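Worksheet: one structure, shown below.
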Amino acid sequence: ASIQETLEGLPVNSEVIIDASNSKFIDFDVLDVIEEFKKQAQLKNIKVTVLNLKEAYTMPSKLLYSTRQSHSPEYEQLFVNNRKWVESMLVKDANYFENLAKGQSPKYLFIGCSDSRVPANEITQTDPGEMFVHRNIANLVVHTDMNVASVLQYSVEVLKVKHIIVCGHYGCGGIRAAVDGKDHGLIDKWLRNIKDVYRIHRKELENIFDEEERHKRLVELNVREQVYHLCMTAVVQNAMRDRGLKVHGWVYDIKQGYIKDLNIDLESEFKDFELYKFYEKLPVD
């Protein structure tokens, strides 16, 4: 008989002890059954004692996933995947989530594109807690964007990251949309920042006659400009001067899976950097 049938078959005025001490993982559906039974047990005057359920697992799953039962199979699959992932991590380390909850000290800030094919942790094989991540359309660093400014300040001044990475990717839809001459609505206000990159490098780009190669070069130039934007800020310059913060520009090749380091040298490549410097000499990578 199932646990639900067993519990429902208990007589009035009885007592039951549910001991999970030998269970490495309790499925949330089982927790649902236990929590529902505890409510019914009061009506039948049944005394229920639950032993050795971790605190996080004794919460009714309805509180954790309040609407999951009313959604489509592809939505439900996300919770199935989550349970499997939790179980796999607990098999490796029973204290994994307890340790993770104690805090974070990432070494990297990753500024990437929102494209679903460019997941920061997967392509770098970093674990939760190792990489602070900000993503937006076409991995832009816009000085009027309070979101990226807040991420930058917090990651540099509070978390003390050692590296900032701007990562673009070949085949970026945002890059294509910025220069296709079409009206895309509200997003055109955001994509205008990429048009500015094209304007700055127009001569070079229009001498590339292969459309795909021109797109790839614009992806690279866009990353470079965003790296320059980062280094225009006092937040970054202070950290570069005081503790050797490094700023990098990458491009991810979706077709091959590899990351390309653009090896940006600010002093030699960013001809107008002097205009934005707050200090005479900065250690750059």
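The values are calculated or read from the model by the stated rules, or taken from the named source; none is laboratory data. Source: prediction; values computed, not measured. Cβ: placed from backbone, ideal geometry, glycine included. Neighbour counts: every protein chain shown. Accessible surface areas use protein heavy atoms only, side chains included; no ligands, DNA or RNA. Shrake-Rupley method; radii C 1.70, N 1.55, O 1.52, S 1.80 Å.
Annotations
- Point-charge dipole on Cβ atoms (K/R +1, D/E -1) for the chain, about Cα centre, debye to 20: 480 debye
- Candidates Lys47, Lys84, Lys216: whichever shows maximal mean-square fluctuation once the chain is modelled as a Gaussian network with Cα springs under 10 Å: Lys47
- The chain - Rg (one decimal) and Dmax (whole number), Cα, Å: 26.3, 87
- Start at zero, step by 5 Å, and the Cα-Cα distances of the stretch 192-276 spread as 3, 12, 20, 23, 20, 12, 7, 3, 1 percent across the bins.
- Computed from backbone phi, the HN-Hα couplings of the stretch 97-104 come to 6, 4, 5, 5, 6, 6, x, 10 Hz, rounded to whole numbers (Karplus: 6.51 cos²θ - 1.76 cosθ + 1.60, θ = phi - 60°; Gly and Pro given as x).
- GNM top mover of Val197, Val158, Val48 - the chain, alpha-carbon springs below 10 Å: Val48
- Among Lys189, Lys44, Lys203, residue whose mean-square fluctuation peaks in a GNM of the chain (springs only between Cα atoms under 10 Å): Lys44
- Prolate/oblate/rounded call for the stretch 129-170, Cα gyration tensor, a/c under 1.5 rounded: oblate
- Alpha-carbon centroids, the stretch 214-253 and the stretch 91-163: separation in whole Å: 16 Å
- Average accessible surface for the stretch 101-213: 56 Å² per residue, computed with a 1.4 Å probe over protein heavy atoms with every protein chain in place.
- Farthest toward the positive end of the dipole of the chain, out of Ile187, Ile259, Asn45, is the Cα of Ile187, where the dipole comes from beta carbon charges about the Cα centre.
- Applying the criteria of a DSSP loop state and at most 10 other Cβ atoms within 10 Å to the GluC sites (Glu not before Pro) of the stretch 174-240 yields Glu206.
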